[in-house]
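The values are calculated or read from the model by the stated rules, or taken from the named source; none is laboratory data. Since this is a predicted model, take the numbers as computed values, not measurements. Neighbour counts run over all protein chains shown; Cβ positions are idealised from the backbone, glycine included.
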Amino acid sequence: MTGAARGQGRAIACRLADAGCRVIAGDVLAEVATLEQELGDRVVATNLDVTDAASWQHTLDAGVSRFGRLDIVVNNAGILRRAAIDDETEADFVRLWRVNCLGPFLGVQAALSHLRRAGGGAVVNTISTAGLTAWSGHAAYTSAKWALRGLTKVMALELAADQIRVNAIFPGPVLTPMVVTDDDPGAATWLARTPLGRAGLPSDIAELVLFLVSDQSSFITGGEFVIDGGQTIGTLLRTRPSGE
């Protein structure tokens, strides 16, 4: 479980633990360690840089040493950056791609031997509705999410013979620290402008992930699951009052 220190990732880690999973929780943020206080011996919290293969190896070794096996990988870690194409820098573009696309690749690659030894497993990659449409001012983010969408499909094809299922979730507006920031105090209001009339909660995402890693979804791989309150359905046309 990556990006587990706060927000959506923390909610997923806690929900999986509540469902009986033992969780290897990784994050670059030091607060990931507080999960051990919250969940006790159900979790191993480690410092994980998803862009570093050695860091992945250290995290998985620590978790498998404690729990004995690995059955699930949830690639949730990601970073968001807003910049017009004119203002984007090569360094920032590459950094975002490394976290949002290379990270899941390195994680699955590092986990493969463990998943095969377990006889199969489940991988969930967190994408975004930016991987379905396009967001102006987010060239690096949008392109990385589209790339991760394709990577998920390839993973699903290649790993099916090993009984490793790989699916993607596409969250829309979710109330997390990454998107509700001090420099945008009105974020919670505009994020709620979905057909369902509210923004998503981290717990909403956690329930979907739990389904996708459980036996209830045992015949699903390569799937794309949009969880956005209807945001990407289309245009809601209002009926004009009579007489207009």
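For residues that are buried (at least 17 other Cβ atoms within 10 Å of the Cβ) and part of a loop (DSSP other than H, G, I, E, B), scanning just the range 224-244, find the one that is modelled with the lowest pLDDT. Show your work before the answer.
Quick first cut of the range 224-244, residues buried (at least 17 other Cβ atoms within 10 Å of the Cβ) only: 225-229, 231.
From the residues that got through so far, the ones that are part of a loop (DSSP other than H, G, I, E, B) too are 228-229, 231.
Working: Asp228: 94, Gly229: 94, Gln231: 91.
The selected residue is Gln231.
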Practice task
Take Ala77 and decide whether it is surrounded by fewer than 24 Cβ atoms within 10 Å (Cβ to Cβ) and among the hydrophobic types (A, V, I, L, M, F, W, C).
Solution key: no
Exercise for the section: Please give the number of the condition Ala134 fails out of (1) surrounded by 18 or more Cβ atoms within 10 Å (Cβ to Cβ); (2) farther than 27 Å from Arg69 by Cβ; (3) not charged (D, E, K, R). Expected result: (1)
Problem - Residues located in the range 115-131, provided they are buried (at least 22 other Cβ atoms within 10 Å of the Cβ) and either among the acidic types (Asp, Glu) or in a helix (DSSP H, G or I) (or both) - result: Leu115, Gly131
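So, of the residues in the range 60-79 that are in a strand (DSSP E or B) and β-branched (Val, Ile, Thr), which turns out to be nearest to the chain's Cα centre (by Cα)? Break it down into steps so the answer makes sense when it comes.
The initial filter retains those residues of the range 60-79 that are in a strand (DSSP E or B), namely 72-75.
Now narrow it down to the ones that are β-branched (Val, Ile, Thr): 72-74.
Working: Ile72: 13, Val73: 10, Val74: 7 Å.
The residue in question is Val74.
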Fill in the blank from the handout: Here the residues within the range 159-178 that are within 18 Å of Val74 (Cα to Cα) and either assigned to a helix (DSSP H, G or I) or more than 13 Å from the chain's Cα centre (by Cα) (or both) are Leu159, Ala160, Asp162, Gln163, Ile164, Arg165
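From the list Gly26, Gly9, Gly68, pick out the single residue that is at pLDDT 95 or above and at positive phi.
On the way: Gly26 fails: at positive phi; Gly9 fails: at positive phi.
So the residue among Gly26, Gly9, Gly68 that is at pLDDT 95 or above and at positive phi is Gly68.
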Completion exercise
Taking the range 11-32 and keeping only residues that are out of contact with any strand residue (DSSP E or B) (no Cβ under 9 Å at 6 or more places or on another chain), assigned to a helix (DSSP H, G or I) and among the small types (Gly, Ala, Ser), one is left with Ala11
